[in-house]
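Following: one structure in structure tokens, then a few remarks.
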Amino acid sequence: MNYELKYIPQHIAIIMDGNGRWANERGKERSYGHQAGVEAVRRITSECTRLGVKYLTLYTFSTENWGRPADEVAALMGLVLSSLEDEIFMKNNVRFRVIGDTKRLPDAVQKKLRETEEHTAQNDAMTMVVALSYSSRWEITEAVRQIAADSKEGKISLDAISEDTISQHLTTNFMPDPDLLIRTGGELRISNYLLWQIAYSELYFCDTYWPDFDEAALHKAIESFQSRQRRYGKTEAQVENETEK
């Protein structure tokens, strides 16, 4: 399926929900669903690259997920290690980045994350960003602490603090805000994900569990995005006049 490139969202963020329920409905352990979810990541990464998406941000493991059963957390950490393979990145010319409180991760996972970031640093077709041990409230709290420290040291005045200041202190400061946020699995909430960054993102919710989310499901989400008018607080007439110029 082909799309006009000018309507392709340049940054797609995804809440990959439904792995556990997908596995339970098949009489399997939750870890089986997470493994199937990795295959969905491969499919969607390849298709986003083909379509011309420049940033794909995936909510992989939240800070709240540390409260899950220890065996599931251990399985997820092992899956992170095994899934950070070169093929998915080098084959698609994809750069890998990670955001989150990675200091909480096992040493082996931290090492693999650093190696993958370094090895893919020159890839430029698309950047895949994995939100790992991440929550938006944690991120904003850290940004406030950094800004407060800078102010205390005289590096910035209170009057100079702006929205841009906050954005520059977030872990996502290297990329634009999402154009489209997709949540799979049927839930209708944001779950502490990119709260600052999605202020004007288009939101798309679907019932499809993440392991079943394929190219056709992605196309449907993009079609929904293309049908919307992004006004950023302006009127419909103002946007149409600007488009005609």
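The values are calculated or read from the model by the stated rules, or taken from the named source; none is laboratory data. Values in this document were obtained by computation on a predicted structure and should not be read as measured data. Cβ atoms come from the backbone with ideal geometry, glycine included; neighbour counts cover every protein chain shown. Accessible surface is based on the protein model in full, side chains and every heavy atom, while ligands, DNA and RNA are left aside. Shrake-Rupley method; radii C 1.70, N 1.55, O 1.52, S 1.80 Å.
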Quick check on my filter: what residues within the stretch 125-164 are open to solvent by less than 50 Å² (accessible area, probe 1.4 Å), within 22 Å of Arg97 (Cβ to Cβ) and either in a helix (DSSP H, G or I) or not polar (S, T, N, Q) (or both)? Ala125, Met126, Met128, Val129, Val130, Ala131, Leu132, Tyr134, Ser136, Glu139, Ala143
Could you say which residue among Gly67, Gly27, Gly100, Gly20 is open to solvent by less than 40 Å² (accessible area, probe 1.4 Å) and more than 18 Å from the chain's Cα centre (by Cα)? Gly20
Within the stretch 168-205, how many residues turn out to be touching a His at 6+ places or on another chain (Cβ under 6 Å) and open to solvent by less than 60 Å² (accessible area, probe 1.4 Å)? 2
Could you please tell me which pairs satisfy a Cβ distance under 9 Å, a separation of 6+ or placement on different chains, a first residue in the stretch 106-117 that is of a type in the set (Ser, Thr, Tyr), and a second residue that is assigned to a helix (DSSP H, G or I) and modelled with pLDDT under 90? Thr116/Asp86
Can you tell me which residue among Ala125, Ala149 is farther than 24 Å from Ser46 by Cα and at pLDDT 95 or above? Ala149
